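Q: Structure provided below as structure tokens; questions to follow.
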Amino acid sequence: MSTIAIKNQGLLKAKDERRIKTQKISGTLISEEREIIEALEDLKRELNILYAQFNFMTDPSLIDGCIYDIKAANAKYTFYLNRCKEKSIKAVV
């Protein structure tokens, strides 16, 4: 093999490695975006359940617990919404 052929093989391998790394990075970003969207969907379901529980509570201490849980879920939901904004993720949730 000539030195040119060997150098070309090395360049092709380097290009393939860069392409594979780029795919891994973009795959990571896609999975991270998916995780954020799934977390938002889960939190939306959780909030709906918490509000339903709150509407049927009669004991004052249980009502306080529901309020605490709703505030915690709202804080998480706000956190993930901000992550969406930071990463320019657009999803209907």
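The values are calculated or read from the model by the stated rules, or taken from the named source; none is laboratory data. Being a predicted model, the structure only gives us computed values, none of them experimental. Every residue, glycine as well, gets a Cβ built from its backbone with ideal geometry; the counts of neighbours run over all protein chains shown.
Q: Before we move on, is residue 71 at pLDDT 95 or above and among the basic types (Lys, Arg)?
A: The answer is yes for residue 71.
Q: Moving to a separate point now. Scan the range 44-53 and tell me whether some residue there is assigned to a helix (DSSP H, G or I), at pLDDT 90 or above and in contact with a Phe, Trp or Tyr (Cβ under 8 Å, 6 or more places away or on another chain).
A: Within the range 44-53, one or more residues are assigned to a helix (DSSP H, G or I), at pLDDT 90 or above and in contact with a Phe, Trp or Tyr (Cβ under 8 Å, 6 or more places away or on another chain).
Q: Taking the residues in the range 63-86 that are surrounded by 12 or more Cβ atoms within 10 Å (Cβ to Cβ) and either in contact with a strand residue (DSSP E or B) (Cβ under 8 Å, 6 or more places away or on another chain) or of a type in the set (Lys, Arg) (or both) as candidates, determine which candidate is farthest from residue 31 (Cα to Cα). Steps first, please.
A: At the first step, the residues of the range 63-86 found to be surrounded by 12 or more Cβ atoms within 10 Å (Cβ to Cβ) are 63, 65-67, 69-70, 72-74, 76-77, 79-81, 83-84.
With the extra rule that they be either in contact with a strand residue (DSSP E or B) (Cβ under 8 Å, 6 or more places away or on another chain) or of a type in the set (Lys, Arg) (or both), the set shrinks to 76, 83.
Values: 76: 19, 83: 14 Å.
Here the residue is 76.
Q: Filter the range 50-62 for residues that are surrounded by 12 or more Cβ atoms within 10 Å (Cβ to Cβ) and under 26 Å from residue 80 (Cα atoms); which is nearest to the chain's Cα centre (by Cα)? Spell out the reasoning first.
A: Of the residues in the range 50-62, the ones surrounded by 12 or more Cβ atoms within 10 Å (Cβ to Cβ) are 50-51, 53-54, 57, 62.
Still in the running and under 26 Å from residue 80 (Cα atoms): 50-51, 53-54.
On the way: 50: 22, 51: 24, 53: 27, 54: 28 Å.
My answer is 50.
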